[in-house]
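Just so you know, all these numbers are worked out from the coordinates, no wet-lab data involved. These numbers come from a predicted model, not from an experiment. Glycine also receives a Cβ, built like all others from the backbone with ideal geometry; neighbour counts cover every protein chain displayed.
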Amino acid sequence: MDVRRWIPHATRWAWYLFGFVLTPIAGLVVSEPLAHWAGVWVFDVASVWLPIFGLGYAWLVAPRFKGVAVAVYLVFGLVLATMVACPASYPEWHPRAYQTTYRPYVATIVTSLVVTFLIAVRLAWTAEPDDDY
């Protein structure tokens, strides 16, 4: 077996696994200033940006089986969203302060499903007959 053939794939899979830590941090780093600039709640912005960052990263970085890589990241993201944002409480400055809401959780699910659908359409349109999904 030639080691040079699998090193690039192993490196990309390592980057894919590193993305489970990297993309939530990057999404929050981007969401915080955007929310501050727009004057909205950080959870509202993060519930849209985190699925875009995470699923897009999984699709771009996975060397093979991109559909499976996106599906695994989708499950990881939905479990993380359930742990963090279900239910969430409005911040202190909000008119509905301290009341519970499912709005960030629902926005995360909807955004995740839309991004996953767009990636699936892209994979289907560019697929060759012998491609791995």
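Key figures
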{"quantity": "Dipole magnitude of segment 13-133, debye to nearest 20 (Cβ charges: Lys/Arg +1, Asp/Glu -1, about Cα centre)", "calculated": "220 debye"}
{"quantity": "Most mobile of 31, 112, 89 in a GNM of the chain (Cα contacts under 10 Å)", "calculated": "89"}
{"quantity": "P(r) histogram, all alpha-carbon pairs of the chain included - 5 Å bins from 0, percent", "calculated": "2, 10, 18, 19, 17, 12, 9, 6, 4, 2, 1, 0, 0"}
{"quantity": "Stretchable slack from residue 84 to residue 29, in nm (0.36 nm times residue separation minus alpha-carbon distance)", "calculated": "18.2 nm"}
{"quantity": "Over the chain: helical MRE at 222 nm, DSSP H runs n ≥ 4 each giving -39500 (n - 2.57), nearest 500", "calculated": "-26500 deg cm²/dmol"}
{"quantity": "Segments 54-66, 91-103 sorted - mean Cβ within 10 Å per residue, highest first", "calculated": "54-66, 91-103"}
